[in-house]
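Single-structure report; data block below.
The values are calculated or read from the model by the stated rules, or taken from the named source; none is laboratory data. None of these values were measured; they are calculated from a predicted model. Don't worry about glycine lacking a Cβ; one is built from the backbone with ideal geometry, like all the others, and counts go over all protein chains shown. Heads up: the accessible areas ignore ligands, DNA and RNA and are worked out on the full protein's heavy atoms, side chains in. Shrake-Rupley method; radii C 1.70, N 1.55, O 1.52, S 1.80 Å.
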Amino acid sequence: MARKETVRNAEELVERIMKGNDASHDAAHVWRVRDLALTLAREEGLFSSESMEIIELAALLHDIGDYKYLRDPSEERIVENFLEQECIEEHKKIKILCIIKQMGFKDELAGLVNLELFPEFEIVQDADRLDAIGAVGIARCFTFGGSRSRVLHDPAIQPRSDLCKEQYMKKDEQTTLNHFHEKLLKLKDLMKTKAGQKRAERRHKFMEEFLNEFYEEWDGRA
């Protein structure tokens, strides 16, 4: 794992920077992603101290500078500045920044994740995506939608198909329920690791069952 002092400093940075975020993207989300990423790494056979350091720091720092919460353009350099201040070796810093900058769903839509993926990238991305699905994912989805005053569900607004990056990032014509169809239900098939795929199957099934029940109740059939 990463050096204890660096981890503590990263945790303090997360708590400070993400303090004003809603509960869908708060420090608790980061702790879950970090813990799950380390678990996936062990299940995937990544036991080297270097890999675990890269995974832990990338997981801890992955949501700092997220475009959805960006208050100032200078925040985009917070992670890079932090890694430099902590004297993280250059080859590790490059991997950590690569993970953070290219792990997002919007980048996969844009075809930007076409590099030869390395194991640490796959593990952190899978851990983050696992936290977006299942019971916790459902709770986070509604929390985020509520924080942006989105319509809960409108049968007249159909989910957008064949989304591009620009459409995905646009805030208009989105409902909370459509986010399941536009992103969350697609994540199971985008898992990169076997350990991630196994967990995604269960979480995906839970979301499908929830949505079936939701639509029946919405239509007065249940």
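For the listed peptides 198-209, 94-105, 120-131, a ranking on the average number of other beta carbons within 10 Å per residue, highest first, reads 120-131, 94-105, 198-209. Show that you can apply the helix-only estimate: for the chain, add -39,500 (n - 2.57) for every DSSP H stretch of four or more residues, divide by all residues, and state [θ] at 222 nm to the nearest 500. Computed ellipticity for the chain at 222 nm equals -18500 deg cm²/dmol. For the residues 215, 69, a 1.4 Å probe over the protein chains yields an accessible-area ranking, largest first, of 215, 69.
On full extension, the segment bounded by residue 212 and residue 154 gains 19.3 nm, given 0.36 nm per residue less the C-alpha separation. Simple spin-label estimate for residue 139 and residue 86 gives 2.7 nm between the two label positions (7 Å along the Cα-to-Cβ direction from each Cα).
Of 183/205; 68/93; 101/205; 92/205; 4/186, which sit over 26 Å apart, Cα to Cα? Going by Cα-Cα distance, 101/205; 92/205; 4/186 fall outside the 26 Å limit.
Averaged over its residues, the chain has an accessible area of 52 Å² per residue, based on protein heavy atoms and a 1.4 Å probe.
Apolar share of the accessible surface for the chain: 49 percent from carbon plus sulfur atoms, 1.4 Å probe.
Looking at the chain, the pairs of alpha carbons with a distance over 22 Å make up 52% of the total. Model label points for residue 50 and residue 67, set 7 angstrom from Cα along the Cα-to-Cβ axis, are 3.3 nm apart. Once all protein chains are placed together, residue 39 keeps about 40 Å² accessible to a 1.4 angstrom probe.
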